[in-house]
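Taking it in order: structure first as structure tokens, then the write-up.
We did not get these values from a lab; they are worked out from the coordinates using the rules stated. Everything quoted here is computed from the prediction, not taken from an experiment. Methodologically, a virtual Cβ is constructed for each residue, glycine included, from the backbone with ideal geometry; neighbour enumeration extends over all protein chains shown.
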Protein chains: 2
Amino acid sequence: MTDPVLAHALDRQPQLIEDLKRLVACPSVGADPAMAQGMEDARQLVEARLNAIGFRDVQRLTPADGGGQPAIFAQRLDESGKPTILVYAHYDVQPSDPVDKWDTPPFEAVEREGRLYGRGISDDKGPMMIALDTLAAFVAVEGRLPVNVKLLIEGEEETGSPSLPGILETHRDLLAADAVLSADGARWRPDLVALNVGSRGNTGFEMRVQTAGRDLHSGRYGGIVANPLHVLASLVASLHDAQGAIRASGFYDGVADPTPTERAEIAAIPYDEDDTFAAIAAKPHGEAGYSTLERLWMRPTLDVNGLWGGYTGVGSKTVIPNEAFAKITMRLVPGQDPETAKQAVLSHLKSQVPPYATLEIYGDRGQGGANAVPPDHPLLKAAVAALEHTTGQTPLKVRIGASLPLTEIVSRVMGLDTVMFSFAVADENFHAPNEFFRLSSIPDGLAAWVQILRQIAQIDPDDFAPYRR
Amino acid sequence: MTDPVLAHALDRQPQLIEDLKRLVACPSVGADPAMAQGMEDARQLVEARLNAIGFRDVQRLTPADGGGQPAIFAQRLDESGKPTILVYAHYDVQPSDPVDKWDTPPFEAVEREGRLYGRGISDDKGPMMIALDTLAAFVAVEGRLPVNVKLLIEGEEETGSPSLPGILETHRDLLAADAVLSADGARWRPDLVALNVGSRGNTGFEMRVQTAGRDLHSGRYGGIVANPLHVLASLVASLHDAQGAIRASGFYDGVADPTPTERAEIAAIPYDEDDTFAAIAAKPHGEAGYSTLERLWMRPTLDVNGLWGGYTGVGSKTVIPNEAFAKITMRLVPGQDPETAKQAVLSHLKSQVPPYATLEIYGDRGQGGANAVPPDHPLLKAAVAALEHTTGQTPLKVRIGASLPLTEIVSRVMGLDTVMFSFAVADENFHAPNEFFRLSSIPDGLAAWVQILRQIAQIDPDDFAPYRR
């Protein structure tokens, strides 16, 4: 017989989808100051939903020094003898460009073939709505939540969470909890029951190469001045060696090679490499000496996310630009200190700048270390039990190559571990055109969230003590 | 006593400036299809002026197969026993971007401190108006021109003159002349009386590197797929060696090193390198083993004029783009075949493409070889005599690093030599923001154009015969 809370939540799915469409219609691109209204609209929708569910103390949190995009807080502390869980999600989304590569407008959720398309629908608006509707169903059916729940819905996840440490520090008492359960993250594959137990860290910066005071005509100056695009290309080309390793001295400090056991565990995970690469029309490429999953989970990377300079319009312009730009981010693994890794890359770049060019570094992206959940953490065990209950399978423990600044910041500032329990799937075009969310993930997610809350209710709060730092 | 034709032309300078301002207000950017009306407006203004001057047979010329931007033709054949000169100019201009670097709007000619600012004002609308007003003054004062003049005012100079060969072939009889006198080109420096006797050739293309079927999230794919910006950066970095020479095998085929005599002549030209580079806030940089002027006049070059890919907006986006683009042009010297040089670069690039990326080449830029005027050519001698008359100095013979497709095309298709007789100055921000034209160049140019036409009137048309091919 279906859990009455789950039955209620499943019945409400049409309204959940309507709520989700309204939320996607708010273009909450935190990276773009022009989208401020979209951010505000998203906040107001989320706040209205929290009030409707019956959450208390709904409020916006900012660091003591103000600024940044506020996070939304709410709580229901219904069970004083039970654990207190901080549930995390985020309402901000990635930019939508290149807009012309979307089949339908990015901020208009469109349903086709069992999927909802829209920017942010999978990362993280859909998974967030699953968590909220689960909590709503408990309140509606049982009049209370089975555990104490605090909600923290961030607005700066896609821009590196620069305010999150300050928010956690400033509101330490309000946010105090036994562990963090995240509705962000992603299921690795639709066909596999798995739990993410690790994520990569990240850091980044933007750089500008300048070679002259103004743009120059290649007929008047070609051959006698440096071209900043050539300089920038050489700098970028110098960042990786022929075997795909990052050439910045000190970048790998603290990185441990996967152990034979880890390599064996990873090798045992069902993974069809041909399918993976066929789906994105790409060929495997990466650091020599590692398998694809080892590269993705256990090895740090560096990518130029954007590079530009000179004339990029239609046709030809015989200009030697005077400046060129690149945006760079890195993915980091356990053992790496983000600032050390970033400084290693900056030192390398600075050492490569020729005397006829200048290099400027700017653009604070926020940064965070990699994270791993202890294998015997009570919340992780609850998640395993919940998925065993809803799927009949023991979830594989996998990692993700992406970064969750949350996990590192929560660990550093609050001394807590985070379990990622998202019902997004990693193939849903996050951060790319035609982002989508599977409609089938909604009932799966509701069932799992109902069950994990019931599992947490079985935990003695004292069991979390050894894992609090 | 001032030549009465010159006196008339000098008196009309205020109207010339008004005419020029109206012409600059037509955004005749041939490279941009969105600017078609600006091209048409510029044509109509020029045609109206030619009719007002008293030119005959004013008409638009296109190749037999149509297409492209038409050139404007007009003629006055007033002196059957005198030489026939084809006067060349162009009405199209470079794109105006980056528009935000202009101090005043690019298509609004603004006068300040003895200069007129505006896109195309120096290249080539101002110099063209000087030629036209000189011809107008002859007709107004003497009722006729002292030599036979045909005008060819092109609309595709800034896009590599792709239709010009076809126009010259199709209208060979209409355009037949003894030599070509160009109002395009540039005086090397405002302080030096000089004539340009050589120009570099050019060729180019656009390229696209692709590594996947769509943009990817660096957290989901970072480290396991290639980044096209890394591949493109490596391709660009591979194009020059550490000494600044171009690495494409065969690119230098046919290029002769400057002889000791040429090196001595170039070394004797007054040239303040410190001033040159201070003016553009750049440091000298180029191929090892050559002086700055040797690099500029005698050595071929390759420049990336634009490069782009990935996220280039505000803030950070952790994307691995699936494609990256670059626009490349080359400057060529005598002895180089443009197609051979271009194919050498393409072969080099193709040989460097890794197996996990594809390279697509496209974008026909038109191309032309380098050019040099024979030292004893009658029209060159007339130009020397004209400048000696108006300045009291014997002009230095210099080259320019820029390309004039005209000279190569006219030589190849019509078998004629071209003398460049522009009153633009090479420091006037051609192809860059804040292009300007010195007001003082107008009286200087009018005097020289009156004088060169009088000098040409002294030449026996048969003297051109040895130079026609």
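Spin-label model, residue A:376/residue A:268: points 7 Å from Cα along the beta carbon direction are separated by 1.9 nm.
Normalise the Cα radius of gyration of the stretch B:1-115 by 2.2 N^0.38 Å (N = residues in it) and let me know the number.
Numbers: Rg = 17.1 Å, N = 115, 2.2 N^0.38 = 13.4 Å.
It is 1.28.
Rounded to the nearest 0.05, the FRET efficiency derived from the C-beta distance between residue A:314 and residue B:462 at R0 = 45 Å is 0.40. What separates the Cα centres of the stretch B:402-427 and the stretch B:129-180 is a distance of 13 Å. Using a cut-off of 26 Å between Cα atoms, the listed pairs A:21/A:101; A:21/A:283; A:150/B:317; A:350/B:101 include A:21/A:283; A:150/B:317; A:350/B:101 as exceeding that distance. Given a cut-off of under 8 Å on Cα pairs at least six residues apart, what relative contact order in percent is computed for the stretch A:243-364? Answer for the stretch A:243-364 is 35 percent. Measuring between their Cα centroids, the stretch B:350-369 and the stretch B:266-294 lie 31 Å from each other.
With the simple model of a label 7 Å out from the Cα in the direction of the Cβ, residue B:77 to residue A:169 spans 8.7 nm.
The order of B:147, B:425, going from fewest to most other C-beta atoms within 10 Å of their C-beta, is B:425, B:147. Label positions at residue A:389 and residue A:469, each projected 7 Å from the Cα along the C-beta direction, are separated by 3.0 nm. Going from the residue with the fewest nearby Cβ atoms within 10 Å to the one with the most, A:101, B:350 rank B:350, A:101. What shape does the stretch B:112-268 take by its C-alpha gyration tensor, where a ≥ b ≥ c are the square roots of the eigenvalues and a/c under 1.5 counts as rounded, a/b above b/c as prolate, and the rest as oblate? Cα axes put the stretch B:112-268 in the prolate bin.
Structural size metrics of chain B, computed from C-alpha coordinates, are Rg and Dmax of 23.4, 82 Å. Computing FRET efficiency as 1/(1 + (r/R0)^6) for residue B:140 and residue B:351, where r is the C-beta to C-beta distance and R0 is 56 Å, gives about 0.35.
The orientation-averaged projection of the convex hull spanning the C-alpha atoms of the protein assembly as shown amounts to 41.3 square nanometres.
Short-range pairs are left out: with C-alpha atoms under 8 Å and at least six residues apart, the relative contact order of chain B is 25 percent. The length gained by stretching the chain between residue B:281 and residue B:261 to full extension, at 0.36 nm per residue less their Cα-Cα distance, is 4.0 nm. Using 0.36 nm per residue and subtracting the Cα-Cα separation, the extra length available between residue B:56 and residue B:362 on full extension is 106.1 nm.
Here A:241, B:463, B:124 are placed in order of increasing Cβ neighbour count within 10 Å, fewest first, which gives A:241, B:463, B:124. Within straight-line reach of residue B:342, meaning a Cα separation under 15 Å, sit the following aspartates and glutamates at least 8 residues removed in sequence or on another chain: B:206, B:253, B:303, B:360, B:364. In this structure, residue B:25 and residue B:340 have a Cβ-Cβ separation that, at R0 = 56 Å, corresponds to a calculated FRET efficiency of about 0.85. Summarised as an ellipsoid, the stretch B:201-362 has semi-axes of 36, 19, 11 Å, derived from the eigenvalues of the Cα gyration tensor scaled by 5 and square-rooted, with the largest first.
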